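Take a look at the structure set out below.
The values are calculated or read from the model by the stated rules, or taken from the named source; none is laboratory data. Treat the numbers as computed from the prediction; the structure is a model and nothing was measured. Counting neighbours? That spans all protein chains shown, and the Cβs are built from the backbone with ideal geometry, glycine included. For accessibility, only protein heavy atoms count, side chains too; no ligands or nucleic acids. Shrake-Rupley method; radii C 1.70, N 1.55, O 1.52, S 1.80 Å.
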Amino acid sequence: MNYIFYFLIVVSIIAGAANGKLPDVVNAILTGAELSVKVAFSLIGIMAFWLGMMKIAKKSGLIGVIAKIIKPVTKKLFNEIPEDSPAIGDIAMSFSANAFGLTNAATPIGIKAMEELQKQNIDKKSASNAMCMFLAMNTAGFQLVPATVIAILIGVGYENPTEIIAPTLLVTTIAFLSAIFMSKLLQKFWAPQQSPLAMGEGRISAGGTGVRNSGEDFGGEN
Amino acid sequence: MFHQLMNLISLWALPGIIILILTIGLVRKIPLYEVFTDGAKEGFKVAVNIIPYLVAIIVGISMFRASGIIESIGVVCAPLLEHFKVSADVLPIMIVRSLSGSAALGVFSDIANNSGADAYTTKLAAVMVGSSETTFYVLAVYFGAIGISKLRYALIVGLLADFVGIIAAIAVVKWMFG
């Protein structure tokens, strides 16, 4: 994350200066900061709502049933997570919410799933294989009906807006499957996580952060 | 028929899930109201916790977009795209869709308005926007909420999947509408 943060900001300032857009770039700091707080605050209500709903669904056993149905798939994708972990149910719900285009519900449920995955994580600062897999599934944006895009198409007078559903679904499926495949592939080549306790205190602070450092070969443990 | 079915699904997905959750809860004799409010309490905590991570990533992306660098990349890549008979108008979408969902929708609206509703470019842009999720936002929110700072290969996979999605969109739209 260190490199991404540095890259985004420093490259923007340099490119902005080169393009004569430095004032815009500096203004973007303010608007971006404001926007982040707006996004977070706009999430509070809807997040509370869906976390409440999810708790009911969990207590009533609904999530357990859904988790059981998709077990054959999740067992393969998240082989490091115990089969009875609540994370599996949350992952299933988050995926369903995304598929139906319920973005508002998908975010809180997805965060809940990440929290459950964090409980199984041996190094709380770095992303476990299961987290990378779950994130990959999310970033591929699998969705059955792209409702917002269709709404815009209708707005500009597109004759048959539903004709883009099939190609979009095909493309999103390809991206989704390739994300899963690449996640599994990189998991094999990337150095496995190691518990910070095993590395010793000094190693944690010296171990640095960011993608590159976490790729250091600590060897051994899986 | 298909159109109507799709509309029906979009309309009823959300209310349907809510009815299902509440009804099963009631049948199983769950104290609905108490359990709901208990779960909802976490909403505030989570939303406030992600603010620092959102500020870092959204400020970075806002600066990146304001710097004009996306347009510069467009100028460089335009000849390459022309080779594949892809209009340079779609290029901002390819770059922006991993960074900001609202920006991608904005660019898409512009294209739909300017290129004409049924133009090939509009179709391509529609498929590209519709098949993507904002990788950087998802990364910041999900990992921010649980305090992950070492991404390992998560971002690489996300961006590679975005890239595959772009190529697939070009190929599929060409095949179906070309």
Exercise for the section: Report yes if B:ALA47 is more than 28 Å from A:ILE46 (Cα to Cα), at the interface with another protein chain (Cβ under 7 Å from one of its Cβ atoms) and in contact with a Phe, Trp or Tyr (Cβ under 9 Å, 6 or more places away or on another chain), otherwise no. Expected result: no
Practice task
Quick one: in segment B:1-19, of everything that is open to solvent by 90 Å² or more (accessible area, probe 1.4 Å) and more than 7 Å from chain A (Cβ to nearest Cβ), which residue is modelled with the lowest pLDDT?
Solution key: B:MET1
Fill in the blank from the handout: Of all helices (runs of 4 or more DSSP H) fully inside segment B:99-156, the set with 3 or more residues that are polar (S, T, N, Q) is B:101-115
Practice task
Evaluate the following for B:VAL55: is it open to solvent by 40 Å² or more (accessible area, probe 1.4 Å), at pLDDT 90 or above and assigned by TED's automatic domain parsing to the domain that holds B:GLY147?
Solution key: yes
Fill in the blank from the handout: Restricted to segment A:22-47 and to residues being open to solvent by 20 Å² or more (accessible area, probe 1.4 Å) and either in contact (Cβ under 8 Å) with a residue 24 or more places away in the chain or among the small types (Gly, Ala, Ser) (or both), the residue nearest to the other protein chains (Cβ to nearest Cβ) is A:ALA33
Handout entry: Qualifying position, being within 30 Å of B:ASP118 (Cβ to Cβ) and either more than 8 Å from every other protein chain (Cβ to nearest Cβ) or touching a Gly at 6+ places or on another chain (Cβ under 7 Å) (or both), among A:GLN120, A:GLN143
Key = A:GLN143
Problem - Residues of segment A:132-147 that turn out to be open to solvent by 10 Å² or more (accessible area, probe 1.4 Å) and either under 17 Å from A:ASP84 (Cα atoms) or not polar (S, T, N, Q) (or both), as a count - result: 5
Fill in the blank from the handout: Residue count, segment A:76-93, condition small (Gly, Ala, Ser) and within 20 Å of A:LYS184 (Cα to Cα), comes to 2
Practice task
Would you mind stating whether B:ALA119 is over 24 Å from A:THR139 (Cα atoms), assigned by TED's automatic domain parsing to the domain that holds B:ALA168, crowded, with 22+ Cβ neighbours inside 10 Å and not basic (Lys, Arg)?
Solution key: no
Exercise for the section: Take the residues in segment A:99-140 that are in contact with a helix residue (DSSP H, G or I) (Cβ under 6 Å, 6 or more places away or on another chain) and modelled with pLDDT under 85, then tell me which one is nearest to B:LEU54 (Cα to Cα). Expected result: A:ASN104
Exercise for the section: Considering (1) crowded, with 21+ Cβ neighbours inside 10 Å; (2) in contact with a Leu (Cβ under 9 Å, 6 or more places away or on another chain); (3) assigned to a helix (DSSP H, G or I), say which one B:VAL86 fails and leave the rest. Expected result: (3)
Handout entry: Failed criterion for A:VAL26 (all others in (1) closer than 22 Å to B:SER102 by Cα; (2) under 19 Å from the mean Cα position of the chain (by Cα); (3) among the β-branched types (Val, Ile, Thr) hold)
Key = (2)
Handout entry: Any pair with Cβ under 7 angstrom, 6 or more apart, that starts in segment A:141-158 at a residue that is polar (S, T, N, Q) and ends at one that is at pLDDT below 80 and buried (at least 19 other Cβ atoms within 10 Å of the Cβ)
Key = A:GLN143/A:GLY101
Problem - Condition check for B:GLY130: more than 20 Å from the chain's Cα centre (by Cα) and facing another protein chain (nearest Cβ under 8 Å) - result: no
Practice task
Within segment B:143-155, count every residue that is open to solvent by less than 10 Å² (accessible area, probe 1.4 Å) and either among the hydroxyl-bearing types (Ser, Thr, Tyr) or not assigned by TED's automatic domain parsing to the domain that holds B:VAL59 (or both).
Solution key: 1
Exercise for the section: With the condition kept exactly as written, say whether any residue in segment B:20-29 is crowded, with 18+ Cβ neighbours inside 10 Å, of a type outside the set (D, E, K, R) and under 18 Å from B:VAL138 (Cα atoms). Expected result: no
Practice task
Could you list, in sequence order, all residues of segment A:89-131 that are free of Cβ contacts under 8 Å to residues at least 40 places away in the same chain, charged (D, E, K, R) and buried (at least 24 other Cβ atoms within 10 Å of the Cβ)?
Solution key: A:ASP90
Handout entry: Total residues in segment B:156-178, condition within 27 Å of A:ALA40 (Cβ to Cβ), without any contact (Cβ under 8 Å) to a residue 60 or more places away in the chain and either basic (Lys, Arg) or open to solvent by less than 20 Å² (accessible area, probe 1.4 Å) (or both)
Key = 2
Exercise for the section: Taking the options A:ILE63, A:ILE13, name whichever one is without any contact (Cβ under 8 Å) to a residue 60 or more places away in the chain and open to solvent by less than 30 Å² (accessible area, probe 1.4 Å). Expected result: A:ILE63
